[in-house]
Amino acid sequence: MEACLQRFGETEPRIHAFVHFDPENALLLDAALSATAATGALVRTPIGVKDIFDTAGAPAERGSALYAGRIAETDAEVVRNLRAAGAVIVGKTVTAELAMAHPGPTRNPWDLSRTSGGSSMGSAAAVAAGVVPLAIGSQTNGSVIRPAAFCGVVGFKPSFGRLSRAGMFVTSETLDQVGGFARSVHKVASLAAAMAGEPLARWWSDDRTPPKLAALRTGEWEHADIAAQERFQADVDRLAAAGGPIAWPNPPEGLDDAQGILLTIMYFEEARAMANDLRGRETLVSEIARRHLAEGAAISEATYREALSARERLAEAFASWATPYDAILTPAAVGEAPTPETTGDPRFCTRWSLIGAPAIVIPSGLGPNRLPLGLQLVAAPGDDRRLITAAAWCESTLPWIGAPPL
């Protein structure tokens, strides 16, 4: 805990990862756990919580003036489970406004002129900077995988519905998913298990047999920059050399339609989820958010229902296609972290968010600007443990990128 507080003091003035940090309470809780010789999977582990999850007695403003001054009365279920595992919640991390598109103030620990991604930007940066070993995030489109890739940490989004959203600010019932960040696959599995209130064995296996892997560039390949393309191919080649041939199967028909389908569902649901809170208070949100929500409000019920049906078809087709493999290797982002007026392009995450597939990203190299690039692995919905096992093997095979210079 002392190391956490020291690192916060060293880095926070530059990276702005937290909207609320409570060192006095954290020290008191840590001391109490120590005095009682408390046990638990994460006993005395400092954790950051994205500011769309309620933590009792702490601000929960969701990155927006719309909720300024809001204090949570109770813990979100995943937070309550973390406390039961002995973890210490040290603060609330920055989220993009309303967990949507307008960036928060957080910077990338590898380069302060770059974004740490969105919308779980504060959580990814706090872990990358070494302030906390673990942090909670969420993903609607690409808000766990992309920040983790940009910041050089492990990001994990379990299968849709695997972790409780009770006490989380949800704007898309179909898409919003809980996730988390750590500096290793084992640690992120420990975080997921604790958030679920389950034994680690439900998520983690010590089996290090080379997994059965497939690789998929996706129809978005041309949008990746040269460095990202080369990194992906180098990762696939290295894993194949260590574990045997990697398949390149043709993807299920329609999978490349995911972006339009997801945006229809996301915009429609977000506009309706925010309608009451926003009415008469539109000036409290950014122009980006207003445009985003207006676009969603204009989508018809029929168009939305068609998108939901398309999602169900794609999820079924992908599950059947992916089941023979322990994991599918795919790009995580179009390249290195961009400058901070944007949170980055989520297109390589969209398919997996749409169909509720589990996804994990591991750091795999540095790009031309010495910024992290990551390798994403996905699996059939429900195959979380199988995916984590494959990711741990890949992590042990790929080179470690080191820590940010901050």
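A few comments on the model shown:
- Ser364 being polar (S, T, N, Q), closer than 24 Å to Ile265 by Cα and touching a residue at least 24 places away in the same chain (Cβ under 8 Å): no
- Options Ser190, Ser164: the member that is assigned to a loop (DSSP other than H, G, I, E, B) and not basic (Lys, Arg): Ser164
- Criterion violated by Gln376 - all others in (1) assigned to a loop (DSSP other than H, G, I, E, B); (2) closer than 19 Å to His223 by Cα; (3) in contact with a Pro (Cβ under 8 Å, 6 or more places away or on another chain); (4) open to solvent by less than 10 Å² (accessible area, probe 1.4 Å) satisfied: (1)
- For segment 297-309, residues that are loosely packed, with under 13 Cβ neighbours inside 10 Å and within 26 Å of Glu341 (Cβ to Cβ) total 1.
To keep it simple, each residue is scored yes or no on (1) within 19 Å of Glu173 (Cα to Cα); (2) in a helix (DSSP H, G or I); (3) of a type in the set (Asp, Glu); (4) out of contact with any helix residue (DSSP H, G or I) (no Cβ under 8 Å at 6 or more places or on another chain).
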| position | (1), (2), (3), (4) |
| --- | --- |
| Met274 | yes, yes, no, no |
| Ile288 | no, yes, no, no |
| Leu293 | yes, yes, no, no |
| Tyr304 | yes, yes, no, no |
| Ser309 | yes, yes, no, yes |
| Arg313 | yes, yes, no, yes |
| Trp321 | no, yes, no, yes |
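- Selection of first residues in segment 114-126 that are under 16 Å from Pro372 (Cα atoms) and of second residues that are charged (D, E, K, R), restricted to Cβ pairs under 6 Å at least 6 apart or on distinct chains, gives the following pairs, ordered by first then second residue: Gly117/Arg146.
- Neighbours by Cβ (under 6 Å, 6+ apart or cross-chain): first from segment 232-251, closer than 14 Å to Pro331 by Cα; second in a helix (DSSP H, G or I) and acidic (Asp, Glu): none
- Complete set of residues in segment 279-296 that are among the aliphatic types (A, V, I, L, M) and open to solvent by less than 20 Å² (accessible area, probe 1.4 Å): Val285, Ala289, Leu293
The values are calculated or read from the model by the stated rules, or taken from the named source; none is laboratory data. Just so we're clear, the structure is a prediction, and the values are computed from it rather than from any experiment. Glycine also receives a Cβ, built like all others from the backbone with ideal geometry; neighbour counts cover every protein chain displayed. Side chains are part of the model used for accessible areas, which takes the heavy atoms of the whole protein and leaves out ligands, DNA and RNA. Shrake-Rupley method; radii C 1.70, N 1.55, O 1.52, S 1.80 Å.
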